[in-house]
Amino acid sequence: SPTDTPSGRVSGLGLRWRALAGPTVDDVRARCVVLRARTGWPVALLVTTVGGFLAFLDVTIVNVALASMQNEFGASTNDIQWVATAYTLTMGVALPASGWLGERFGLTRVYLWSLLGFAAVSMLCGAAWGLGPMIAFRVLQAIPGAVIPTVSMAMTHRIVPPDKLGIGVAVN
């Protein structure tokens, strides 16, 4: 019968049981050290900061464009406000899942998928043909929009050296 050994191998099967459970915190930290050594932490910080900034910038852009959208869609003021409100409410609901997603699937993977999802749904928002689809697309856009800044901040804590963490958090 297979038994766990101190080396992390399951005797008799030749498999690493740790690999089946996914990366540990130590594995992720080791990858971050390699990334920091290869590119330097400022480059990695810049990449995560730009993504987090885009998600927050989207809120401002839409608020500025509400009057134009109201004219384009022929919507009332109460109806057009749902474009911004739906995004904000969905962000509040999706935000708590960010930490779980980062731990479950890895911060880098979640960050990249969130960026791709955010970009794809942003294109859908740009192609919206009416108020209803625009609100629906904004709801979909808010899910990765909530994950990006949270995961970005978690990545900052892992990428930036401890003695430079104050600078890293301030930039992010």
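Would you mind working out the accessible area per residue for the range 109-157, using a 1.4 Å probe, and quoting it in Å²? Could the numbers behind the result be given before it?
Numbers: 2190 Å² over 49 residues.
Accessible area per residue, the range 109-157: 45 Å².
Could you work out how much longer the chain between residue 163 and residue 136 gets when fully extended? Use 0.36 nm per residue separation minus the Cα distance between them, nm to one decimal.
Numbers: separation 27, 0.36 × 27 = 9.72 nm, distance 4.36 nm.
Length difference between fully extended and current span is 5.4 nm.
Would the range 36-103 count as rounded, prolate or oblate if I go by the C-alpha gyration tensor, calling it rounded below 1.5 in a/c and otherwise prolate when a/b exceeds b/c, oblate otherwise? Write out the running numbers ahead of the final one.
Numbers: a/c = 5.67, a/b = 2.04, b/c = 2.78.
Oblate, since a/c reaches 1.5 and b/c is not below a/b.
The values are calculated or read from the model by the stated rules, or taken from the named source; none is laboratory data. In this text, all values refer to a predicted model and were calculated from it rather than measured experimentally. Heads up: the accessible areas ignore ligands, DNA and RNA and are worked out on the full protein's heavy atoms, side chains in. Shrake-Rupley method; radii C 1.70, N 1.55, O 1.52, S 1.80 Å.
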